Each structure stands twice: as structure tokens, then as C-alpha cells.
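Heads up: the structure comes next, in C-alpha cells.
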Amino acid sequence: MRFTISREKLQEGLAAVAASIPAKTTLPVLANILVEATDRGIRLSGTDLDIAVSTEVTADVEAPGAITIPAKKLSEIARELPPAPVRIAAAGEQRITLDCGKSHFKILGLPKDEFPSFPAVRFNESWRIRSGDLQKLISHTSFAVSNEESRPILNGVLWELRPEMMRMVATNGHRLAKMELPVKSSGAPSSDLIVPPKALEQVRRLFPADEELEIARGENHLGFRSPFTAVFTRLIEGPYPPYEQVIPKDNNRIAVADKAALVSALKRMSVIASDQTHRIRMSFNAALLRFSVQTPDLGEAQDELPIRFTGDPLDIGFNANYLLEVLRYIPTDEVKLTFKAPERAATVEPEAWSDPASYLCLVMPLRLLD
């Protein structure tokens, strides 16, 4: 294997694949990047056995071949190289030479045969989706997944694909985010997938918004590909909890507030809120929202905010961190909150959003200690 590549193209390819390389691993070959020289250029691949990423970059290939190279060291070398073409050649199954300007390196790699093969995903029955639409769904929902290992199903994002729309839902049992978008997807059957957020983050990072992606399902894997890059991930198996049942349909108290002002007030109040529960009390009435916090051993705080409110007055408690997290992803200047009772779920939605997508977040209240 012998090829010449520009320093920038090498860095670009390594940056795409680097995030899929595990920091610690008991299998030495997983710390390596698979480098394959073909007639189309070079293909770089990395995997941690859950997620696999491969990308093609243009290079001048003199002799095809493949070898695996330690990812961390290759990335560090590429970062420090002078701005000149880089020549990489494999001498035998395990040795690589790298020349750039006056710099000369010899690195020990591992044979290509030791590198795990990518999951078998056939793209003949695939969904075609604009990358920008997918990124929008991912960025508005994946923050809400659970980090607790006791319920692994909630560690993933539910992705519902239908002929006319797609929807993503994530929750940890205390807060939930759900977004759906109308799509014109071709051919593939309806499907419900539970995808690890780490894989979705790779998809969001690697594919430009205007690219069209092909997405296909294997046995228990999912593949995303564009003309030059592919991401494969293991799916989380099992039925997702019936989230529709927790989304309230009859909330009849509605508040509309300025998002920035609400966020500022919540941040001020959370300074005094308990480090364990982050509990704050919110009292809604016709034109005013009052905040109050009391924390033994620390002190108390009050604040207020003008709002538009319809319905009976209401006192309700929330974990301020969950509210702040949800508000960060609301895309409009004003936010609409709806309530039924102090012990029932509240919803948070964009107000007057002129977008084809629909977005809804849900936050469970905390019991108030009177």
C-alpha cells in the first residue's frame, strides 16, 4: 500500500473517525484506525464494537492495500506535520512509514485481518432523509435520555419512522422531549428503532445539513450513509415504554412567558435551591408568576415575572435544572407552559412557532413541602 495525501485531507479524515475509537480497550486493534487504499482514494474506519464510522477522503493512490494504524499516535502526528503532502506506505503487514517534508516516521500497526468487520446492513430497502431534518430531531430530543443503567431502554432515543413523518422521543422518567417532522421518505416500511444517543451525536457531527442520507436496518444494527461517510450502530432492543400515556391531553391552565426572562429567573432561584432536589415553587396567577425558594441551612429567595395566564391560580414545584434544560432547546422567544394540577405533568412548548415540525417537552412536578 502506498499513497500521497494532503495534510488537510488526512486531518479531516482522522477527525471524522477519531470519536468512534474507544479511549480504553482490551482489544488492541480497536485502538487502531483501519486505513484502506482503493482506486477511489483512501477509506479510514474506526469502531468500539457498538458504533463504527468510516469515511473516504481523496488521495493519490500508487498501490492499493490495507493496514491498521494506532489512532491516537497517527492523529497526533498529523496535527503536528508541516504543510506539505504526506506519503504513507506499508512495509509488510505491520510496518508503516510516513514522510512529510523533512519529517520521517516509522510506526508499528496491526494486520487488517484483526480489525472487526462492519455490521451487515443492506441498503436496498432504505429510508432517504435530509441530514438537516435528522439533525434537528436529534438536537431537540437526545438531551433527555436517561443515564441510569437500571433501565437500559431509556438510555436510547426512540425513533419512529412512518411514510409521512418521523418522530423522536427521549425521556428519563422525569422529563421527556418529543419532536416530529413531516417527511417524504421513499419506499422503506414503517419502523420503530431505539438508537443510542452517542451514535446520533456522530450522525449529527459527521453529515452536512444539506446531504441526503440513506438509512437502513440490519438484524440489530442501523446504518447511515452518504456518498463518502457511513455510520453503523448497534440498536437497543426491547419495547419502548408507552410514552403517549404520560403526555397530558387535558391541561387547562396555560401560561405564556418570555423565554429569556424565565430562564434568568430560574437561574437566580436555583442558586438558593437545594443541591439534592433543586426544588423551586412557582405560583401562577392572572398576570404574574412568583418564584420562591426556601432551603434550610442556606436561606430563601423570591422573584416575579409578568406572564399571560389563563385558568385558576396554581402553586406547583419543579426541579429547576430540568426546566432549564428543556427551555434551552425551545426555539422561540416565548414559551407556552400548560398545567392541570400540582401533581400532574406540565408541558413546555414553543409559542407561535411557524415551523412544519411540532415540538413538545414534558416535566414532572415535585411535591411542595408546605
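The values are calculated or read from the model by the stated rules, or taken from the named source; none is laboratory data. Bear in mind that the values here come from a model prediction, so they are computed numbers and not experimental data. Neighbour counts are summed over all protein chains in view; Cβ atoms, including those assigned to glycine, are modelled from backbone coordinates with ideal geometry. Note: areas computed on protein heavy atoms with side chains; ligands, DNA, RNA excluded. Shrake-Rupley method; radii C 1.70, N 1.55, O 1.52, S 1.80 Å.
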Starting from the amide H of Leu289, placed 1.01 Å from N in the peptide plane, find each other amide H under 5 Å away whose residue is 5 or more places distant or on another chain. Leu305, Ile307
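Across all directions of projection, what mean area in square nanometres is found for the Cα convex hull of segment 10-166?
12.3
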In deg cm²/dmol, rounded to the nearest 500, the helical mean residue ellipticity at 222 nm of the chain, built from -39500 (n - 2.57) for every DSSP H run of length 4 or more, is -5500 deg cm²/dmol
Phi angles of segment 210-215, converted by Karplus (6.51 cos²θ - 1.76 cosθ + 1.60, θ = phi - 60°) into ³J(HN,Hα) in whole Hz with x for Gly and Pro, give 8, 7, 9, 9, 9, 10
Given a Förster distance of 25 Å, the FRET efficiency implied by the Cβ-Cβ spacing of Asp113 and Arg2, rounded to the nearest 0.05, works out to 0.80
Residues in segment 318-358 near a label at Asp250, defined as backbone nitrogen under 19 Å from the 7 Å Cα→Cβ point? 338-347
Which whole-Hz ³J(HN,Hα) couplings does segment 65-73 yield from phi under the Karplus relation 6.51 cos²θ - 1.76 cosθ + 1.60, θ = phi - 60°, glycine and proline marked x? x, 8, 7, 10, 10, x, 5, 5, 5
Pairwise FRET efficiency - Asp39 versus Glu148, Cβ, R0 = 45 Å, nearest 0.05: 0.40
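Taking the Cβ-Cβ separation of Val271 and Asp50 as r and a Förster radius of 56 Å, what is the calculated FRET efficiency to the nearest 0.05?
Values: r = 39 Å, r/R0 = 0.69.
Here the calculated transfer efficiency is 0.90.
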In segment 1-159, what is the count of Lys pairs whose alpha carbons are under 29 Å apart, counting only pairs at least 8 residues apart or on separate chains? 18
To the nearest 20 debye, what is the magnitude of the charge dipole of the chain about its Cα centre, counting +1 on the Cβ of each Lys and Arg and -1 on the Cβ of each Asp and Glu? 440
Segment 201-256 and segment 12-75 have their Cα centres apart by a whole-number Å value of 25
Please work out the C-alpha center-to-center distance from segment 289-354 to segment 83-152 and express it in whole Å. 42
Using the heavy atoms of the protein chains alone and a 1.4 angstrom probe, what is the accessible area of the chain per residue in square angstrom? 49
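Rounded to a whole number, what % of the accessible area of the chain do carbon and sulfur atoms account for, probe 1.4 Å? Mind showing how you got there, number by number?
Values: 9090 of 18040 Å².
Of the solvent-accessible surface of the chain, carbon and sulfur hold 50 percent.
Run the numbers for Glu62 and Glu304: contour at 0.36 nm per residue of separation, minus the present Cα-Cα distance, in nm.
On the way: separation 242, 0.36 × 242 = 87.12 nm, distance 7.03 nm.
Length gained between Glu62 and Glu304: 80.1 nm.
Please report the relative contact order for the chain, taking Cα pairs under 8 Å with a sequence separation of at least 6, and give it as a percent rounded to a whole number.
Values: 861 pairs, mean separation 46.3, N = 370.
Relative contact order, the chain: 13 percent.
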Of Leu98, Phe115, Gly238, farthest towards positive along the dipole that unit charges on Lys, Arg, Asp, Glu beta carbons give the chain: Leu98
Ranking by accessible area, most exposed first, for Ser150, Ser226, Ser139 with a 1.4 Å probe: Ser150, Ser139, Ser226
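Would you please name the GluC sites (Glu not before Pro) within segment 113-160 that are DSSP coil residues with at most 16 other C-beta atoms within 10 Å of their C-beta? All intermediate terms of the calculation are to be shown ahead of the outcome.
On the way: sites: Glu114, Glu125, Glu148, Glu149, Glu160; in loops: Glu125, Glu148, Glu149.
In loop regions of segment 113-160 (DSSP not H, G, I, E or B), the sparsely surrounded GluC sites (Glu not before Pro) are Glu125, Glu148, Glu149.
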Along the Cα→Cβ direction, 7 angstrom out, place labels at Lys9 and Leu368. What is the inter-label distance in nm? 6.6
Pairwise label distance in nanometres, Glu80 with Asp355, each label 7 Å out on the Cα-Cβ vector: 4.4
